[in-house]
1. Report the full-extension gain for the segment residue 130 to residue 113: residue separation times 0.36 nm, less the Cα-Cα distance, to one decimal in nm.
2. Charges at C-beta only: +1 for Lys and Arg, -1 for Asp and Glu. How large is the resulting dipole of the range 4-129 about its Cα centre, in Debye rounded to 20?
3. Pairing the Cα long axis of helix 4-19 with the longest principal axis of the chain, what angle in degrees results, from 0 to 90 and rounded to the nearest 10?
4. Could you work out [θ]222 nm for the chain from helices alone, using -39500 (n - 2.57) per DSSP H run of at least four and dividing by all its residues? Round to the nearest 500 deg cm²/dmol.
5. At R0 = 30 Å, how high is the FRET efficiency between residue 103 and residue 9 if r is their beta carbon distance? Nearest 0.05 is fine.
6. Note down the relative contact order for the chain as a percent, whole number, built from C-alpha pairs under 8 angstrom at least six residues apart.
7. Calculate, for residue 33 and residue 76, the FRET efficiency according to 1/(1 + (r/R0)^6) with r their C-beta to C-beta distance and R0 30 Å; round to the nearest 0.05.
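Computed from the coordinates by the stated procedures, all read-outs in this text should not be read as laboratory data. All values reported here derive from a predicted model rather than from experimental measurement. Please note: Cβ atoms are built from the backbone with ideal geometry, for glycine as well, and neighbour counts cover all protein chains shown.
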Amino acid sequence: MATQHDYIRTIRFLYDAFEHRDAERVVALLDPEIEWTSAENFIYADHSPYVGTRAVAQLLFGRLLVDWDNFEMLPQEILGSGDIVIANGRFRGIFKANGARVDAQFVQVFQFKDGKVAKCQMYTDTAQFKEAVSGMRTAGA
């Protein structure tokens, strides 16, 4: 049986795999039927919840990395209890279409099943993303 330490380590591996753009490694950490739910009003909430590893890979690697330059998920703190792990940190990137930057706080709540990430609920500053995409946010902001 996985321990709390294992779950926290898995989330650290998940962020590291994303940082290295390793979709295969990210998918290996996810339950095949994962449910990844975006924050309400997030620019990528149109298909939320993303169900299954293919859908999550499409969100992370097919949308975020296609639309943004230097997109990062930078965890600052990762805590856990039982089968729940909570990470908070910053999303950073530059929207390719207009050069607008984001530096938005996030919280992601992960739930595990059989040692893999089975659910993720993400919260972030959705207004900052909408401003960037609409061009209301300046490139230097």
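1. Working: separation 17, 0.36 × 17 = 6.12 nm, distance 3.31 nm.
Difference between extended and current length: 2.8 nm.
2. Numbers: 13 positive and 18 negative charges, 33 e Å.
Approximately 160 debye in magnitude.
3. Once rounded, one gets 30 degrees.
4. On the way: 4 runs with 36 residues, N = 141.
Value at 222 nm, helices only: -7000 deg cm²/dmol.
5. Using R0 = 30 Å, I get an efficiency of 0.65.
6. Working: 272 pairs, mean separation 34.8, N = 141.
Relative CO of the chain lands at 25 percent.
7. On the way: r = 29 Å, r/R0 = 0.98.
Efficiency at R0 = 30 Å is approximately 0.55.
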